[in-house]
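All remarks here apply to the structure that follows.
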Amino acid sequence: MLKRIYTALFCCGLIAPGWAQDVAIVIHGGAGTILKANMTPEREAAYVAALQEAVQTGYKLLKDGAKGEEAVVAAIQVMETSPLFNAGIGAVYTFEGQHELDASIMHGGTLNAGAVAGVKTIRSPIAAALAVMEQSPHVMLSGKGAEAFAESIGMKPVKNTLFNTERRYKALLKAKERILNANVPYGGQQGNERFGTVGAVVLDQYGNLVAGTSTGGMTAKRFGRIGDSPVIGAGTYADNESCAVSATGHGEYFIRYHVAADICSRMKYRNDTLADAANTVINDVLVKAEGDGGIIAVDAKGNIAAVFNTAGMYRAQIDTQGNLKVGIYQQWINE
Ligand code: ASP
């Protein structure tokens, strides 16, 4: 309550920004069958370094008094720029051999949100999502409309081939083989060929919770397929009265079970703790539905959750005490 009064006074300019509450940040770089047995030490070190850079970039901004949305975008952009993750450069391929990117962001104080879906020429989809939130009357723009909007506000379009990587191309060839051999429309069930969606959730100095997610979607998805990542309530949700959530996993399930919003609702209406709400949705509701994936979340007190029902989830966090943790497999690496 006191924090809300402070935040209101601060926002109205009635107190100096000298007052600052503890900040916290959690990021993810995707969940899936991530096994140590399939990882080289060099590759593991590269992931740890990239996750650390992303979380520290966001944390520094939060400590310096940046708004939550700036920290979320900056942390995600580190991962959108790295070929290690399925977002921006390193995004997976569609069945047709292109990249269609999705992203969204939500502010828990205003409940304002922005998203772009199926974009091919926007270098940083998360920045475009923020622009939709701040500079348009809409929540979600898709395809050419989103690209035209991004250009209209000064984002220079890039070639779709900018997002090409050899590793993802090989994954496409493998997925296509499975799909073409399946002999059912669109190859039947989605295979296990996607990792690396990225996301960030923060609690900023002003008591605001913000969540963001960015992805290339799922390998060999059909053109026009939109996953959960740009869908507010499914892949991303934030509400200062409960928590901020960013998800990663089999998007169709995350949409059908409105995963991010469900976790927040359980806190808000049932008074569940963040840990209980996140555990129930990921390890009970989704497991029963056979939907694989995970979430990261932070609540208004700075409690953190990083929960997944897959073998691993790339993740990192810095809590309100400033403690940094990085994880890839079940256990945190540096605990
Ligand atoms: N959730 C993403 C999608 O379905 C993929 C992922 O998180 O790996 O598009």
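Restricting attention to segment 23-74, the residues being surrounded by fewer than 24 Cβ atoms within 10 Å (Cβ to Cβ) and part of a loop (DSSP other than H, G, I, E, B) number 9.
For segment 215-254, residues that are within 10 Å of the ligand (Cβ to nearest atom), hydrophobic (A, V, I, L, M, F, W, C) and outside any loop (DSSP other than H, G, I, E, B) total 2. Considering Ala131, Ala117, Ala103, the condition of being over 25 Å from Ala171 (Cα atoms) and either modelled with pLDDT of 95 or more or not hydroxyl-bearing (Ser, Thr, Tyr) (or both) is satisfied by Ala131 alone. Just to be sure before I move on: is Gly29 of a type in the set (Gly, Ala, Ser) and closer than 20 Å to Asp228 by Cα in the structure I sent? Against the criterion (of a type in the set (Gly, Ala, Ser) and closer than 20 Å to Asp228 by Cα), Gly29 qualifies. If you go through segment 186-244 and keep only what is over 20 Å from Gln98 (Cβ atoms), open to solvent by less than 10 Å² (accessible area, probe 1.4 Å) and either at pLDDT below 95 or polar (S, T, N, Q) (or both), you end up with Thr213, Thr236, Ser242. Considering segment 203-214, the residues that are outside any loop (DSSP other than H, G, I, E, B) and among the hydroxyl-bearing types (Ser, Thr, Tyr) include one that is nearest to the ligand (Cβ to nearest atom), namely Thr213.
The values are calculated or read from the model by the stated rules, or taken from the named source; none is laboratory data. None of the values given here were measured: they were computed from a predicted structure. Counting neighbours? That spans all protein chains shown, and the Cβs are built from the backbone with ideal geometry, glycine included. Areas reflect the complete protein model, heavy atoms only, side chains present, ligands, DNA and RNA absent. Shrake-Rupley method; radii C 1.70, N 1.55, O 1.52, S 1.80 Å.
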